[in-house]
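Here the structure comes first, spelled out in structure tokens, and everything after it is commentary.
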Amino acid sequence: MTLSRRRFLCGAGSLIGSYALADVLHAASARTMPMRMAMPTLAPPKVPLVNPATLARFVDPLPVPPIARPSGQRTHPAYPGRSLPYYRMEMRAFSARVHRDVPPTPMWGYDGRSPGPTFETVRGEPLLIEWVNALPTKHFLPIDYNIHGAERTKPAVRTVTHVHGARVPAGSDGWPEDWFAPGHSALLHYPGVQDAASLWYHDHAMGITRLNIYAGLFGAFNVRDADEQSLGLPSGDCDLPLILCDRLIAQDGQLYYPVSDDPSAPWVPECRGNSVLCNGKLYPYFDVEPRRYRLRLINVANTRFFDLSLSQGHVFQQIGSDQGLLAAPLQRLRIELYPAERADVVVDFTGMAGQTVHLHQQSEAILEFRVRDRGRPDPSVLPATLRPVPRIDPATAVRHRVLTVGEQDDASGNPMMMTLDGRMWSDPVTEKPKQNTIETWNFVNITGDAHPIHLHLVRFQIIDRRPFDLFAWNASRVVKYIGPAQLPPPHEAGWKDTVRADPGMVTRIAMRFEGEPGRYVWHCHYLEHEDNEMMRPYQLLPA
Ligand code: C2O
Ligand code: CU
Ligand code: CU
């Protein structure tokens, strides 16, 4: 890794038009901490981009991804004497229109669509999925060969699928270096040993995850269980994923991924698009009936966070977060989701026949709900309580790890890459929790930005966030708190697998390391960071 090759500018530099500048300004104002600009010199796109402001609104129906269907039953050595549903899921190149008035966009997707089909799984019912790489051998997005794991010696197109939030054995978790090239596949097994939750699956190939996900390799993965089923929440066609991402699209329909102005090192530290896709469409409409709907909001964007609201003060009833149901529904006007975070919400259109409601990202309407009565009664309910979420007592932890969320500067002091605990991916494993023990991990964010930190395998709880003295930390690596601890708000008090580590704060989480021993990973879910060293292995040791 050469440390001097990345050049950054302080300030917005030569950004690609106004969308990026607006984003930078928004990001700077969204958090109260002083923000250190870590912007590379972005090259201006060589092709004209779609300006979404010029497009007709709400002319395409919202796609609802089909449910994945097993292609048969198979046995597996991990489940002696049982026959399990077997799914074969091909990753393929395809083209799809993101909008009526934009030419078709070449993409990559599971089963040749993006989002891919939705997996419907049930607690206690294991399944097998063979992930098949049927992609072309050439990548269509800009690989940075300097990045660890993306060297020219590797096949350009590599994939490995991870089910985000799943408790699965290490060998089925999608270890980033277990990628396979076109013409190859991996048969993974999913034991189904976890509570109902809205998970999602996506590519995780070392050094090119940001490009593969940007290309379209993601989909929803629902886990259901009898407890949730007994609540009577909206179901069937009134229960659907709403998968959100942002993209830049060239006027000829091609996806545009931003690059630095150094053609030999195209990596950029963040990627924000001007077009927000809902289930793969730009400004779709969705015909709903005057009844309750359950929407599983999933942020699959590379770097963007979503700040969602409904028009005319309509509210979301949030019923779940990353790892399933909250203790009780929460009435919310706004829902903020960082990359990889989820929120399950119930939206009630009862009594609104003939009206329209908009879903807003910040001030922009991105999706139109059109309420039409089709005379179906609504049997669903929204119970006052959902499930108990017993708090993990941090005092029961056997270990408290202090881990920096930091950046590495080049010789002239410009930030060049982001790291965890000051280590690189290939450094020896330092986090080795013991199976079934409780630990707290304390993320000391010494950068100017929030980073969404994700641990594979486990569900955790946020203990608190607390401001600390950065100068004291830099001088002697001690945490000196300079303000009171902030407890997580109710919507963050359920089970999580991704947490926003705010700048200038120590973000504390607690978890019990349930699952099978083996190698897993934890990382920042800003995909540009994850690909460029902000990812670390951890080893779960047997009890
Ligand atoms: Cu969304 Cu390592 O995962
Ligand atoms: Cu994950
Ligand atoms: Cu990050």
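The values are calculated or read from the model by the stated rules, or taken from the named source; none is laboratory data. What you are looking at is a predicted structure, and each value in this text was computed from that prediction instead of being measured. Cβ placement follows ideal geometry from the backbone for every residue including glycine, while neighbour counts extend to all protein chains displayed. These accessible areas exclude ligands, DNA and RNA; they are computed on the full protein's heavy atoms, side chains included. Shrake-Rupley method; radii C 1.70, N 1.55, O 1.52, S 1.80 Å.
Per the Debye calculation on the chain with a single equal scatterer at every Cα and no solvent contribution, log₁₀ I(q)/I(0) for q = 0.05, 0.07, 0.12 Å⁻¹ amounts to -0.18, -0.37, -1.21. Charge dipole of the range 394-540 (Cα centre as origin; +1 on each Lys and Arg Cβ, -1 on each Asp and Glu Cβ, all else neutral): 720 debye, rounded to the nearest 20. For the range 340-382 and the range 189-223, compute the distance between their C-alpha centroids and round to whole Å. About 26 Å separates the Cα centre of the range 340-382 from the one of the range 189-223.
How far, in nm, would the chain grow between SER230 and HIS76 when pulled straight, counting 0.36 nm per residue and subtracting the alpha carbon separation? Working shown, then result.
Working: separation 154, 0.36 × 154 = 55.44 nm, distance 3.12 nm.
Going from the current span to full extension adds 52.3 nm.
Above 28 angstrom, tally the Cα pairs of the range 394-540 and express them as a % of all pairs, no decimals. That fraction is 14 percent. DSSP assigns beta bridges within the range 63-230; of those with both partners inside it, close to 70 percent run antiparallel. Charging the Cβ of each Asp and Glu at -1 and of each Lys and Arg at +1, and nothing else, the dipole of the chain about its Cα centre rounds to 260 debye. Ligands, DNA and RNA are left out, and with a 1.4 angstrom probe the accessible area of the range 268-383 is 31 Å² per residue.
Annotation for SER311 and ASN51: the two label points, set 7 Å from Cα along the Cα-Cβ direction, are 2.4 nm apart. Available extension along the chain between LYS138 and ALA384 is 83.3 nm, counting 0.36 nm per residue and deducting the alpha carbon span. Taking Cα centre as origin and charging only the Cβ of basic (Lys, Arg, +1) and acidic (Asp, Glu, -1) residues, the dipole magnitude of the range 62-159 rounds to 140 debye.
A 1.4 Å probe, protein heavy atoms only, puts the accessible area of THR404 near 10 Å². Multiplying the residue separation of ALA327 and ASN474 by 0.36 nm and subtracting their alpha-carbon distance yields 49.0 nm.
Just the protein heavy atoms count here, and of the accessible area of the range 394-540 at 1.4 Å, carbon and sulfur take up 51 percent.
Which residue, PRO191, SER321, LEU367, has the largest displacement toward the positive end of the dipole of the chain when charges sit on each Cβ (Lys, Arg +1; Asp, Glu -1)? It is PRO191, whose Cα lies furthest towards the positive end.
Applying 1/(1 + (r/R0)^6) with R0 = 41 Å to the Cβ-Cβ distance of GLU130 and THR350 gives a FRET efficiency near 0.45. Normalised by the number of residues in the chain, the mean separation of alpha-carbon contacts (under 8 Å, six or more apart) gives a relative contact order of 14 percent. Normalised by 2.2 N^0.38 Å, where N is the number of residues, the C-alpha radius of gyration of the range 63-230 stands at 1.07. Each helix, a run of at least 4 DSSP H residues, gives -39500 (n - 2.57); summed and divided by the residues of the chain, these come to -2000 deg cm²/dmol at 222 nm. The residue list HIS529, PRO383, TYR338 was ranked by how far each Cα lies along the charge dipole of the chain toward its positive end, using unit charges on Cβ atoms, and PRO383 comes out on top. Over the range 301-383, what relative contact order in percent results from Cα pairs under 8 Å that are six or more residues apart? Computed value for the range 301-383: 31 percent relative contact order. Considering only TYR79, MET107, ALA220, the residue lying farthest towards the positive end of the dipole of the range 63-230 is MET107, judged by Cα position with unit charges set on Cβ. Only beta bridges with both residues in the chain are counted; by DSSP, about 75 percent of them are antiparallel.
Given a cut-off of under 8 Å on Cα pairs at least six residues apart, what relative contact order in percent is computed for the range 53-192?
About 22 percent, as a whole number.
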